[in-house]
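A.B. asks: Take a look at the following structure, please.
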Amino acid sequence: MRAYFVENSKFAPVWFRERFRMSQRLFLKIVSDIEQRFVYFQERVDRSGRKSFAAIQKCTSGVEQLGTGNPPDNFDDYLCMAMRISRESLDHFCSAVIELYRDEYLRRPTSHDVAGCMKRMNGDTRFREGSLNDINVLNQSTLYMREQNSTAPDASFTVNNGRYKRGYYLTDGIYPRWATHVKAMPYPTETNDKKFKKAQESARKDVERAFGVLKGKWGILSQSMRAMTVDKITNIMHACISLHNMIIKYDGRAISPVRIVDTGVQVVYNHDAVDEIEDEDEDVHHRLRYDLTAHVGRQNLFHLDDPTAQLTPIADLFL
């Protein structure tokens, strides 16, 4: 408490953010929300009259373990807390964060979110969607199931005077030529083709580095997991993502700071959507790449030729 949470504390706010990965205001809000909702974090008295650990101690232990990746017994002296309690605090903290905040910070994009992303990315070299990593999950992926079930948010857009119904995903050469896949030319010869290849590969790297941003912020993801069950490992991962998104919002860097929920849509399997996505004649796939190449060719992409140019990574905008 003397180090961070009292008036004229030992360490300034900048050191608090360095250690806790977030502002003091956000951390205290999380502690307050968790303490009000979960019995484990509320102060109690045992039969001998001794008080339990305070919520701020247990939450500090949880954030310290997530941020540094150090084992629970590393904080024995600082928090005066046994290793078992520290381990329990991490498990309960992750579960509490997910239960309290998953609806807002661990949700799928809504139509409002997609519109915000498109507005933010308008004229930018980065693209509207992320990259895929495993061809084996294409048909089962939730990315496509929502399109097939007619429950996906509106991601239509216009580029180079061409109108397209769905967003697209940046892929490499191994993926099929679907209407929602954009692949770079393998051997570009024209100036615009070379420029597009650079822009496409640069955007894919931004997306693929999103997990690297998480690992840089939450040290526990950079090491072998000490948790022994899949559920606990999943909770740690989801808690880190939720906290990351919360920090971005409270720092004023969120693309969609206001959560607007889509109206309910009846789930109806759409055979036409499947045919349109798989694009058997590959017409939409090639037309989209041509229009994007023409669009990128008109942009001033100075940063592609200047490696020292600073751009905001996609991972710092949203996840």
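A.B. asks: Does the stretch 167-180 contain at least one residue that is at pLDDT below 85, out of contact with any Leu (no Cβ under 9 Å at 6 or more places or on another chain) and either under 17 Å from Gly297 (Cβ atoms) or open to solvent by less than 40 Å² (accessible area, probe 1.4 Å) (or both)?
C.D. replies: Yes, that holds for at least one residue.
A.B. asks: List every residue pair whose Cβ atoms lie under 8 Å apart, where the two residues are 6 or more positions apart in sequence or sit on different chains, the first residue falls within the stretch 245-274 and is of a type in the set (Gly, Ala, Ser), and the second residue, located anywhere, is assigned to a helix (DSSP H, G or I) and open to solvent by 60 Å² or more (accessible area, probe 1.4 Å).
C.D. replies: Once the first residue is of a type in the set (Gly, Ala, Ser) and sits in the stretch 245-274, its partners that are assigned to a helix (DSSP H, G or I) and open to solvent by 60 Å² or more (accessible area, probe 1.4 Å) give Ser256/His112.
A.B. asks: Go through (1) open to solvent by 60 Å² or more (accessible area, probe 1.4 Å); (2) at pLDDT 90 or above and name the single condition Arg47 misses.
C.D. replies: (2)
A.B. asks: Condition check: in contact with a strand residue (DSSP E or B) (Cβ under 9 Å, 6 or more places away or on another chain) and either in a helix (DSSP H, G or I) or open to solvent by 60 Å² or more (accessible area, probe 1.4 Å) (or both). Does Glu35 satisfy that?
C.D. replies: So Glu35 fails the test.
A.B. asks: Tell me which residues, restricted to the stretch 1-32, are aliphatic (A, V, I, L, M), open to solvent by less than 30 Å² (accessible area, probe 1.4 Å) and part of a loop (DSSP other than H, G, I, E, B).
C.D. replies: As a first pass, look at the stretch 1-32 and keep what is aliphatic (A, V, I, L, M): 1, 3, 6, 12, 14, 22, 26, 28, 30-31.
With open to solvent by less than 30 Å² (accessible area, probe 1.4 Å) added as a condition, the list becomes 3, 22, 26, 30-31.
Within the stretch 1-32, Ala3, Met22 qualify.
A.B. asks: Does the stretch 66-94 hold any residues that are in contact with a Phe, Trp or Tyr (Cβ under 7 Å, 6 or more places away or on another chain) and in a helix (DSSP H, G or I), and which are they?
C.D. replies: The first filter runs over the stretch 66-94 and keeps only residues in contact with a Phe, Trp or Tyr (Cβ under 7 Å, 6 or more places away or on another chain), leaving 66-67, 81, 85-86, 92.
Across the stretch 66-94, the qualifying residues are Leu66, Gly67, Ile85, Ser86, His92.
A.B. asks: So which residues in the stretch 61-76 are modelled with pLDDT of 90 or more and open to solvent by 10 Å² or more (accessible area, probe 1.4 Å)?
C.D. replies: Listed by number, the list holds a single entry, Thr68.
A.B. asks: Can you spot a residue in the stretch 240-261 that is of a type in the set (Gly, Ala, Ser) and part of a helix (DSSP H, G or I)? Explain how you work it out, then say what you get.
C.D. replies: Initially, the stretch 240-261 is screened for residues of a type in the set (Gly, Ala, Ser), giving 242, 252, 254, 256.
From what is left, the residues that are part of a helix (DSSP H, G or I) are 242.
Yes.
A.B. asks: A further question follows. Given the conditions (1) among the aromatic types (Phe, Trp, Tyr); (2) crowded, with 18+ Cβ neighbours inside 10 Å; (3) over 20 Å from Cys240 (Cβ atoms), which single one is not true for Phe41?
C.D. replies: Here Phe41 clears every test but (3).
The values are calculated or read from the model by the stated rules, or taken from the named source; none is laboratory data. Note that the coordinates shown come from a computational prediction; the quantities given were computed from them, not determined experimentally. Counting neighbours? That spans all protein chains shown, and the Cβs are built from the backbone with ideal geometry, glycine included. Quick note on the areas: whole protein, heavy atoms, side chains included, nothing else; ligands and nucleic acids left out. Shrake-Rupley method; radii C 1.70, N 1.55, O 1.52, S 1.80 Å.
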